[in-house]
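Colleague: Can you read through this structure? Questions will come right after.
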Amino acid sequence: MDSLGRRKFLTGAVLGTTAATVVGASTMGSFAPEAAAGQRRPLDVEAGAHDPNFIEGRITGLRKGMLMVTSSDRSMHRIHLTGATSVWKLRPTSSDAAKVGDGLYARGVRMPDGTLAADAVWLNIVNLQVHITSIGRNVMHLDHHGDRIVGHVVAGTTAAVYNSTPAVSDLSLLQVGKHAQVIGAWRPDTNEVDLATVYAAA
Amino acid sequence: MAAPPDVGAMAPTTAETSWFCCGAGWGPCGSAGGGACGNCQSGSRHCAWPNTSDACFDITRPDRCGDNLLRRTCGHTFYVEHLCGTTEIAVQIADCGPQTDLWCGEQSCCSGNCATNRLLDLTPSAYSAIGNLSSGIMPVRIRS
Amino acid sequence: MIEWFAGAQQLVLAGVLVWAGTVKFRATAPEAARRSALRKLVGERRVVTAYRAVGTAELTLGALLLAPPMLVIESYAAVALFTGMLGYLVYAKRKAPESGCGCLGDKQTPIRGRAFARTAVLLAAALATLGAAWWPAALADRPLATVAVLVAEAALVVALSPELDHRWLLPLRRWRVRVRHPLATGPTVVPLESSVQRLQKSDAYRSVAGLLRSDLLDWWEEGEWRLLTYAATTSDGQVTAVFAVPLRDHGPADVRVALVPDPEPAPA
């Protein structure tokens with residue numbers, strides 16, 4: 001099934017417009033937190049320990065379905081991507097968006113051969129606590145602990161969250177001089193980021 | 001009025017958490033360093049706590065949001081789970097943060113449950129074990 | 001050095017020193033002291049005392065420069081003070097790069113090039129006062145030129161002080177944003193993040209949250225709904241969790257979910 005066909009099929013399944021094989025509601029309910037109370041899972045990783053199922057680094061090579069990554073401690077890793085791996089690069093996207101030089105964080109399951117079967121890959125994602133130093137046309141200049149960062153507004157994607165209210169596309173309430181938290185996609189080897197979400201106390 | 005309960009003791013409390021990078025890293029994380037405790041790593045189960053020392057407290061000021069946080073120093077272990085999740089992780093203090101007083105009163109909710117004020121920051125490894133990095137903030141339950 | 005110019009420098013230095021000294025005795029001074037690089041230099045316990053001692057020295061020297069007579073020792077003291085300040089900035093930049101300098105305001109801003117440039121300007125001004133007559137002579141000799149130099153140098157010192165940006169630069173930029181509205185141009189859409197937030201608050205999401213393995217896989221819109229998919233695992237194997245989230249507030253209220261088994265992977 002192509003991706004459009006799959007989308008149509010899934011739409012029908014959730015909105016009940018087509019008959020699809022759907023896992024029963026009882027299966028879901030049994031996994032609700034109340035049901036799981038008292039049967040806490042054992043810790044996957046000890047406090048303070050290195051997490052074997054998580055990789056931080058930059059892409060040094062691409063092969064079909066596989067990312068070659070060098071971590072900042074110079075260790076090398078292979079990350080296996082499948083159709084069930086989510087890939088984020090400013091927005092949810094496909095594995096084709098991965099480029100050599102991209103920074104990444106990946107979470108998955110470490111296989112016996114040392115590769116990471118990835119559940120989720122976040123490309124170039126940054127989370128910065130900043131002060132807004134100036135605002136220009138579709139651009140915000142940010143101060144990140146004394147370093148200058150240029151934040152680009154991407155029409156249709158950049159959202160603002162003011163005082164924990166629902167995200168909106170209207171950025172006009174952002175103020176020069178105020179602090180903000182920025183989730184964005186770093187443009188490799190620059191001090192520029194494309195803005196995904198800006199959290200601000202308006 | 002009753003004094004606010006001490007946070008950071010054995011009893012679980014709810015709070016907001018975000019994520020931060022530390023140790024060697026790419027992009028804007030490159031300048032992050034090992035944090036206030038010197039050993040912080042993005043790929044390890046570490047966290048930042050707003051009251052690790054007097055100097056730390058002077059910057060984060062959780063008291064301005066009405067939170068009475070206990071002094072917990074480098075290496076202390078917290079157990080953290082998503083407010084609507086089932087997986088609990090263990091994290092060790094490796095840095096000072098977040099700057100709680102910048103976000104007093106901020107709230108994150110899930111399925112009718114809400115948590116107020118930023119009292120904890122997690123490394124990407126820890127945060128992504130119970131949430132998604134693309135969401136910059138999530139509600140959690142913390143116990144010591 | 002021209003006599004009237006040297007006289008003007010005494011006023012510039014006195015003004016800056018009195019300002020800097022006053023800052024160190026404000027109510028917020030102890031906090032500013034602890035956030036400054038001075039804490040690294042003298043230790044946590046002595047930092048407030050040391051900060052105020054610097055403030056006292058600045059106020060005293062400022063007053064001496066204003067008061068008659070103009071002694072050459074005052075110029076030497078100013079040169080020594082600003083040379084010491086340059087040394088402090090170098091130390092701070094190396095040992096506590098994220099700390100502020102605590103110099104002209106209680107706003108904590110990391111030490112960068114502007115702080116060095118400001119101190120260099122003030123050191124040059126201190127050197128210019130060597131051997132000069134007391135400042136009223138300059139004012140009487142060339143009043144307009146003296147006032148012009150005073151205003152220009154004061155503006156330069158303010159421009160080189162990141163601690164003072166919030167008093168003039170940020171209001172100026174805010175005014176520019178109010179006039180031009182540079183971010184009000186985009187189309188009004190319901191951002192994806194808004195749907196994700198609404199999803200995460202729903203009971204439907206909570207009922208399957210423990211099964212989800214991935215972040216958002218794919219999303220699209222269908223009429224009043226935005227569809228969001230995640231990879232999930234059940235006891236029956238790998239499935240896709242597909243959620244339907246109402247696109248707008250006035251649409252259907254509830255978030256819906258279905259778990260759909262994944263198609264068998266094609267043989268290699």
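Colleague: Could you tell me which residue of region A:61-84 is farthest from the other protein chains (Cβ to nearest Cβ), considering only residues that are under 18 Å from B:S42 (Cβ atoms) and surrounded by fewer than 20 Cβ atoms within 10 Å (Cβ to Cβ)?
Modeller: Taking region A:61-84 and keeping what is under 18 Å from B:S42 (Cβ atoms), we get A:67, A:69-77, A:79.
Applying the additional criterion that residues be surrounded by fewer than 20 Cβ atoms within 10 Å (Cβ to Cβ) yields A:70-77.
Details: A:T70: 10, A:S71: 7, A:S72: 3, A:D73: 6, A:R74: 9, A:S75: 10, A:M76: 14, A:H77: 11 Å.
Residue satisfying both the conditions and the ranking: A:M76.
Colleague: Quick one: how many residues across region B:90-122 are more than 7 Å from every other protein chain (Cβ to nearest Cβ) and either assigned to a strand (DSSP E or B) or open to solvent by less than 20 Å² (accessible area, probe 1.4 Å) (or both)?
Modeller: So the answer is 17.
Colleague: In region B:38-55, how many are open to solvent by 30 Å² or more (accessible area, probe 1.4 Å) and within 10 Å of chain A (Cβ to nearest Cβ)? Steps first, please.
Modeller: Start the filter on region B:38-55 by keeping residues that are open to solvent by 30 Å² or more (accessible area, probe 1.4 Å), which leaves B:38-39, B:41, B:53-54.
Pick out the ones that are also within 10 Å of chain A (Cβ to nearest Cβ) and you get B:39, B:41.
Residues in region B:38-55 being open to solvent by 30 Å² or more (accessible area, probe 1.4 Å) and within 10 Å of chain A (Cβ to nearest Cβ): 2 in total.
Colleague: Please indicate, with yes or no, whether at least one residue in region B:65-82 is under 26 Å from A:Y105 (Cβ atoms), in contact with a Cys (Cβ under 7 Å, 6 or more places away or on another chain) and crowded, with 24+ Cβ neighbours inside 10 Å.
Modeller: no
Colleague: Let me ask another. In region C:140-156, which residues are in a helix (DSSP H, G or I), buried (at least 16 other Cβ atoms within 10 Å of the Cβ) and more than 25 Å from the chain's Cα centre (by Cα)?
Modeller: The answer is C:T146, C:V149, C:L150.
Colleague: Test each condition in (1) at the interface with chain A (Cβ under 9 Å from one of its Cβ atoms); (2) outside any helix (DSSP H, G or I); (3) open to solvent by less than 10 Å² (accessible area, probe 1.4 Å) for B:S125 and report the one that comes out false.
Modeller: Every condition holds for B:S125 apart from (2).
The rows are residues; the columns are (1) modelled with pLDDT of 95 or more; (2) open to solvent by 30 Å² or more (accessible area, probe 1.4 Å); (3) assigned by TED's automatic domain parsing to the domain that holds A:G65.
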residue	(1), (2), (3)
A:S86	yes, no, yes
A:R91	yes, yes, yes
A:G136	no, no, no
A:L142	yes, no, no
A:R148	no, yes, no
A:Q175	no, yes, no
A:I183	yes, no, no
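Colleague: If we keep just the residues of region A:158-173 that are open to solvent by 30 Å² or more (accessible area, probe 1.4 Å), hydroxyl-bearing (S, T, Y) and more than 14 Å from A:V139 (Cα to Cα), which is nearest to the other protein chains (Cβ to nearest Cβ)? Show your work before the answer.
Modeller: Step one: list which residues in region A:158-173 are open to solvent by 30 Å² or more (accessible area, probe 1.4 Å), which gives A:163-166, A:168, A:170, A:172-173.
Within this subset, residues satisfying the condition of being hydroxyl-bearing (S, T, Y) are A:164-165, A:172.
Checking the rest, the ones that are also more than 14 Å from A:V139 (Cα to Cα) come to A:164-165.
Details: A:S164: 5, A:T165: 9 Å.
Within region A:158-173, the match that is nearest to the other protein chains (Cβ to nearest Cβ) is A:S164.
Colleague: So for region A:115-127 (the condition being facing chain C (nearest Cβ under 8 Å), open to solvent by less than 10 Å² (accessible area, probe 1.4 Å) and modelled with pLDDT under 95), does at least one residue qualify? Can you show your working first?
Modeller: Applying the first criterion (facing chain C (nearest Cβ under 8 Å)) to region A:115-127 yields A:119-120, A:122.
Narrowing the set further to residues that are open to solvent by less than 10 Å² (accessible area, probe 1.4 Å) leaves A:120, A:122.
Applying the additional criterion that residues be modelled with pLDDT under 95 yields none.
So far as region A:115-127 goes, no, none of its residues is facing chain C (nearest Cβ under 8 Å), open to solvent by less than 10 Å² (accessible area, probe 1.4 Å) and modelled with pLDDT under 95.
Colleague: Let me ask you something else. Have a look at C:R114, C:R118 and point out the one that is more than 19 Å from C:Q10 (Cβ to Cβ), under 27 Å from the mean Cα position of the chain (by Cα), basic (K, R) and part of a helix (DSSP H, G or I). Steps first, please.
Modeller: Working: C:R118 fails: more than 19 Å from C:Q10 (Cβ to Cβ).
Of the residues listed, the single one that is more than 19 Å from C:Q10 (Cβ to Cβ), under 27 Å from the mean Cα position of the chain (by Cα), basic (K, R) and part of a helix (DSSP H, G or I) is C:R114.
Colleague: Of all residues in region C:204-217, count the ones that are in a helix (DSSP H, G or I) and either free of Cβ contacts under 8 Å to residues at least 24 places away in the same chain or not assigned by TED's automatic domain parsing to the domain that holds C:D236 (or both). Can you show your working first?
Modeller: Taking region C:204-217 and keeping what is in a helix (DSSP H, G or I), we get C:204-211.
Now drop any that are not either free of Cβ contacts under 8 Å to residues at least 24 places away in the same chain or not assigned by TED's automatic domain parsing to the domain that holds C:D236 (or both), which leaves C:206, C:209-210.
Final tally of qualifying residues: 3.
Colleague: So, one more: Where residues in region B:56-80 are touching a helix residue (DSSP H, G or I) at 6+ places or on another chain (Cβ under 6 Å) and in contact (Cβ under 8 Å) with a residue 24 or more places away in the chain, which of them is farthest from the other protein chains (Cβ to nearest Cβ)? Can you show your working first?
Modeller: Taking region B:56-80 first, the residues touching a helix residue (DSSP H, G or I) at 6+ places or on another chain (Cβ under 6 Å) are B:58, B:60-62, B:64-65, B:69.
Within this subset, residues satisfying the condition of being in contact (Cβ under 8 Å) with a residue 24 or more places away in the chain are B:60-62, B:64-65, B:69.
Numbers: B:T60: 12, B:R61: 9, B:P62: 15, B:R64: 12, B:C65: 12, B:L69: 18 Å.
Selected residue: B:L69.
Colleague: Also, quick follow-up: If the requirement is being in a loop (DSSP other than H, G, I, E, B), surrounded by fewer than 20 Cβ atoms within 10 Å (Cβ to Cβ) and away from chain A (no Cβ under 14 Å), which of these qualifies: C:P69, C:P97?
Modeller: Values: C:P97 fails: away from chain A (no Cβ under 14 Å).
Answer to the check: C:P69.
Colleague: Every residue in region C:208-228 that is facing chain A (nearest Cβ under 7 Å), touching a helix residue (DSSP H, G or I) at 6+ places or on another chain (Cβ under 6 Å) and open to solvent by less than 30 Å² (accessible area, probe 1.4 Å), please.
Modeller: C:V208, C:W220, C:L227 - these are the residues of region C:208-228 that are facing chain A (nearest Cβ under 7 Å), touching a helix residue (DSSP H, G or I) at 6+ places or on another chain (Cβ under 6 Å) and open to solvent by less than 30 Å² (accessible area, probe 1.4 Å).
Colleague: If you don't mind, another one. Give the residues of region C:36-47 that are open to solvent by less than 50 Å² (accessible area, probe 1.4 Å), closer than 14 Å to B:D54 by Cα and assigned to a helix (DSSP H, G or I), sorted by residue number.
Modeller: Passing the criteria: only C:V47.
Colleague: Looking at region A:162-202, which of its residues are outside any loop (DSSP other than H, G, I, E, B) and without any contact (Cβ under 8 Å) to a residue 40 or more places away in the chain?
Modeller: Initial filter on region A:162-202 (outside any loop (DSSP other than H, G, I, E, B)): A:162, A:168, A:179-186, A:192-200.
A:V168, A:T197, A:Y199 - these are the residues of region A:162-202 that are outside any loop (DSSP other than H, G, I, E, B) and without any contact (Cβ under 8 Å) to a residue 40 or more places away in the chain.
Colleague: Continuing with the same structure: Listed residues A:A98, A:A155; which is within 11 Å of chain C (Cβ to nearest Cβ), within 21 Å of the chain's Cα centre (by Cα) and without any contact (Cβ under 8 Å) to a residue 60 or more places away in the chain? Spell out how you get there, then give the answer.
Modeller: Values: A:A98 fails: within 11 Å of chain C (Cβ to nearest Cβ).
Criteria check complete, one pass: A:A155.
Colleague: Another question, if that's okay. Looking at region A:102-111, is at least one residue under 19 Å from the mean Cα position of the chain (by Cα), in a loop (DSSP other than H, G, I, E, B) and among the acidic types (D, E)?
Modeller: We begin by selecting, within region A:102-111, every residue under 19 Å from the mean Cα position of the chain (by Cα); these are A:102-109.
Pick out the ones that are also in a loop (DSSP other than H, G, I, E, B) and you get A:102.
After this cut, where a residue has to be among the acidic types (D, E) as well, the list is A:102.
Yes, region A:102-111 has at least one match.
The values are calculated or read from the model by the stated rules, or taken from the named source; none is laboratory data. The model shown is predicted, which means the values in this text are computed figures rather than measured ones. Note that we place each Cβ from the backbone using ideal geometry, even for glycine, and neighbour counts take in every protein chain shown. Keep in mind that these areas ignore ligands, DNA and RNA; they rest on the heavy atoms of the full protein, side chains included. Shrake-Rupley method; radii C 1.70, N 1.55, O 1.52, S 1.80 Å.
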